[in-house]
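Notes follow the structure.
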Amino acid sequence: MGIRLSRAPISLAAAERSLAGRRAGGVAYFAGTVRPDRHRGGRVVALDYEVDPGPARRRLEAIAGRARRRFGAYDVLLWHRIGRVRVGEVAVIVAAACAHRAEAFAATRFLIDELKATVPIWKEERRASAAGSAARPPSARRRGTPVK
Amino acid sequence: MSASTVPARELLARLTEQYPRLRPILRSSRFLRNGEYLEDLAAPIGVDDELAVHPPYGGG
């Protein structure tokens, strides 16, 4: 079971090596990447992710446990980037190793939906504007209280 | 002990009194005491406790 909140880049290749799927007949991976959206404030060049790490880890572990029980997953993986993630980079990877493809797809869908709805992670868009892409990284790293 | 605690609800009310613009955010937020989600806003918060406010999540 892989839970990871990572400041370093994450990759599907690393996820594949990490997942214990030997007994599985179906392994599904989902990777979420940063889109080059356009807004009034300019083109999005990166997302800055912030996390409340303790509660986030506990929630990720709870989601993993539920996926194992509900879909009979042999192994699941939930990885999320923290800090600055540039357009095109992978921000999140979830994966499930199950007996068959139907459970693997369903479990993967469950993992990403639950992660988005229940894990304390926030993102802020960084745009290419007058200030250029020299937008500053998140200023203060407060412990546990991401109140803005 | 009880003399030095305040229900979370009361603390949040004081906060919105001081910063009215927080009101809509707090309405859709989750709250944690020392890293544990609060089921009930009557939960007592002491001077050494950390009350975290989690606005809606945006992971993924």
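The values are calculated or read from the model by the stated rules, or taken from the named source; none is laboratory data. These numbers come from a predicted model, not from an experiment. We place every Cβ from the backbone using ideal geometry, glycine too, and count neighbours over all the protein chains shown.
Out of all the residues in segment A:38-46, is one or more surrounded by fewer than 20 Cβ atoms within 10 Å (Cβ to Cβ), under 13 Å from the mean Cα position of the chain (by Cα) and aliphatic (A, V, I, L, M)? No; the residues of segment A:38-46 include none that is surrounded by fewer than 20 Cβ atoms within 10 Å (Cβ to Cβ), under 13 Å from the mean Cα position of the chain (by Cα) and aliphatic (A, V, I, L, M). Residues in segment B:14-41 that are in contact (Cβ under 8 Å) with a residue 12 or more places away in the chain, more than 9 Å from every other protein chain (Cβ to nearest Cβ) and part of a helix (DSSP H, G or I): B:Leu26 only.
Mind telling me which of the residues B:Ala52, B:Ala42 ends up being surrounded by fewer than 15 Cβ atoms within 10 Å (Cβ to Cβ) and either more than 30 Å from A:Ala91 (Cβ to Cβ) or not acidic (Asp, Glu) (or both)?
Exactly one residue qualifies, and that residue is B:Ala42.
Only a single item in (1) within 14 Å of chain B (Cβ to nearest Cβ); (2) buried (at least 19 other Cβ atoms within 10 Å of the Cβ); (3) out of contact with any Pro (no Cβ under 6 Å at 6 or more places or on another chain) is not met by A:Arg4, and it is number (2).
Just to be sure before I move on: is A:Val27 under 14 Å from B:Gly60 (Cβ atoms), at pLDDT 95 or above and buried (at least 17 other Cβ atoms within 10 Å of the Cβ) in the structure I sent? Considered against the rule, which asks whether it is under 14 Å from B:Gly60 (Cβ atoms), at pLDDT 95 or above and buried (at least 17 other Cβ atoms within 10 Å of the Cβ), A:Val27 comes out as no. Taking the numbered list (1) of a type in the set (S, T, N, Q); (2) closer than 27 Å to A:Ala117 by Cβ; (3) in contact (Cβ under 8 Å) with a residue 40 or more places away in the chain in turn, B:Thr5 passes all entries but (2). Per the conditions (1) touching a residue at least 24 places away in the same chain (Cβ under 8 Å); (2) small (Gly, Ala, Ser); (3) surrounded by fewer than 13 Cβ atoms within 10 Å (Cβ to Cβ), the sole criterion not satisfied by A:Gly54 is (3). Filter segment A:76-91 down to the residues that are of a type outside the set (Gly, Ala, Ser), touching a Ser or Thr at 6+ places or on another chain (Cβ under 9 Å) and either buried (at least 18 other Cβ atoms within 10 Å of the Cβ) or within 14 Å of chain B (Cβ to nearest Cβ) (or both) and list them by number. Scanning segment A:76-91 gives A:Val76, A:Leu77, A:Trp79, A:His80, A:Arg81, A:Ile82, A:Val85, A:Glu89, A:Val90. For segment A:34-69, filtering for residues that are within 14 Å of chain B (Cβ to nearest Cβ), in a strand (DSSP E or B) and at pLDDT below 95 leaves 1.
Here's the yes/no breakdown for (1) more than 10 Å from chain B (Cβ to nearest Cβ); (2) free of Cβ contacts under 8 Å to residues at least 60 places away in the same chain; (3) assigned to a helix (DSSP H, G or I):
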{"position": "A:Ile93", "(1), (2), (3)": "yes, no, no"}
{"position": "A:Ala96", "(1), (2), (3)": "yes, no, no"}
{"position": "A:Phe105", "(1), (2), (3)": "yes, no, yes"}
{"position": "A:Thr108", "(1), (2), (3)": "yes, no, yes"}
{"position": "A:Ile112", "(1), (2), (3)": "no, no, yes"}
{"position": "A:Ala117", "(1), (2), (3)": "no, yes, yes"}
{"position": "A:Glu124", "(1), (2), (3)": "no, no, no"}
{"position": "A:Arg127", "(1), (2), (3)": "yes, no, no"}
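Residue-level check: of (1) of a type in the set (Lys, Arg); (2) within 14 Å of another protein chain (Cβ to nearest Cβ); (3) free of Cβ contacts under 8 Å to residues at least 12 places away in the same chain, A:Arg17 misses just (2).
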